[in-house]
Amino acid sequence: MKATQVEHKDTAMLRKHLGNALIAFEKAKEWADIGHWLQKVAKILEDFPSPVIPEKLTFAKRLAQCLNPTLPHGIHINALHVYSLVFKNMRQGSKDWSNDLGIYSIGIFPFFQYASFQVKPKILEIYKEFYFPLGKQLIPCITGLLISILPGLDEQNEELQKKVFETLDAACECVGKKYFLGALWMAILRNPKVRMAAFKYLHKLSLIHISEPTRQAEISYAVFCLKKK
């Protein structure tokens with residue numbers, strides 16, 4: 001009973017302080033204002049770690065705006081720290097916390113390809129810490145997540161490329177090869193921008209796991225995808 005009362009208290013206080021913070025965001029005029037806002041929100045989430053995030057749609061929208069590629073990468077790092085706090089608090093409350101994952105993924109997924117070299121590894125860490133432990137619960141998000149990650153294979157930095165390969169391997173292990181490959185081919189079919197990166201990863205898989213008949217079938221399908229406009 002005591003734990004429940006504490007949880008309700010945190011939720012009420014979070015609603016109050018986060019609501020005020022969302023109003024304050026409207027007054028931000030410079031990137032420095034956004035940096036201060038993110039620090040304030042992080043403190044609120046730490047002080048009131050409720051798994052219930054009030055005004056989550058508006059809050060997710062504001063966080064996504066903090067990942068605007070034109071902002072300094074320091075702002076992006078602070079925003080990702082807030083995302084981590086949100087996921088950490090949500091995860092402590094329920095096994096079904098992944099139901100709200102898509103609300104926040106709308107901000108993170110498209111940002112990865114525009115993130116700086118310093119920021120990209122932090123996004124991959126978020127995926128590994130919060131997304132992949134969900135296992136099969138991640139299946140509804142897996143295609144979007146792959147489209148997010150795949151551009152990282154075009155990076156010139158070998159260390160970052162290696163981390164991207166490892167993250168894709170972890171995603172495959174998370175949802176299972178059947179769902180992973182299905183999502184990967186869906187990404188190839190729907191998004192021309194990630195096709196070459198996806199084929200690069202498939203080539204790596206074919207050298208390790210895939211039989212010759214399957215490899216030939218994938219080559220035929222690849223040719224089909226490349227012919228599509």
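The values are calculated or read from the model by the stated rules, or taken from the named source; none is laboratory data. Not measured: the values here are computed from a predicted model. Reconstructed Cβ throughout: ideal geometry from the backbone, glycine too, with neighbour counts over all protein chains shown. Quick note on the areas: whole protein, heavy atoms, side chains included, nothing else; ligands and nucleic acids left out. Shrake-Rupley method; radii C 1.70, N 1.55, O 1.52, S 1.80 Å.
Quick notes on this one:
- Sub-9 Å Cβ pairs linking a first residue in region 169-188 that is over 17 Å from Leu134 (Cα atoms) to a second residue that is of a type in the set (Phe, Trp, Tyr), at least 6 apart or interchain, are Leu184/Tyr201; Trp185/Tyr221; Ile188/Phe199; Ile188/Tyr221, ordered by first then second residue.
- Matching option when the condition is under 23 Å from Trp97 (Cα atoms) and at pLDDT 95 or above, among Ala12, Ala60: Ala60
- Among the residues of region 166-179, those identified as among the hydrophobic types (A, V, I, L, M, F, W, C) and either in a loop (DSSP other than H, G, I, E, B) or crowded, with 16+ Cβ neighbours inside 10 Å (or both) are Leu168, Ala171, Cys172, Cys174, Val175.
- Answer from Lys128, Lys120 - the residue that is open to solvent by 40 Å² or more (accessible area, probe 1.4 Å) and basic (Lys, Arg): Lys128
- Set Lys88, Lys95: member being outside any helix (DSSP H, G or I) and either over 20 Å from His73 (Cβ atoms) or without any contact (Cβ under 8 Å) to a residue 12 or more places away in the chain (or both): Lys95
- No other residue among Ile108, Ile75 is open to solvent by less than 50 Å² (accessible area, probe 1.4 Å), farther than 18 Å from Ile44 by Cβ and part of a helix (DSSP H, G or I) apart from Ile108.
- Condition met for Val86 (open to solvent by less than 50 Å² (accessible area, probe 1.4 Å), closer than 22 Å to Gln137 by Cβ and aliphatic (A, V, I, L, M)): yes
- Among residues of region 135-165, those that are touching a residue at least 24 places away in the same chain (Cβ under 8 Å) and open to solvent by 20 Å² or more (accessible area, probe 1.4 Å), counted: 14
- Of all residues making up region 116-145, the number that are among the acidic types (Asp, Glu) and over 11 Å from the mean Cα position of the chain (by Cα): 0
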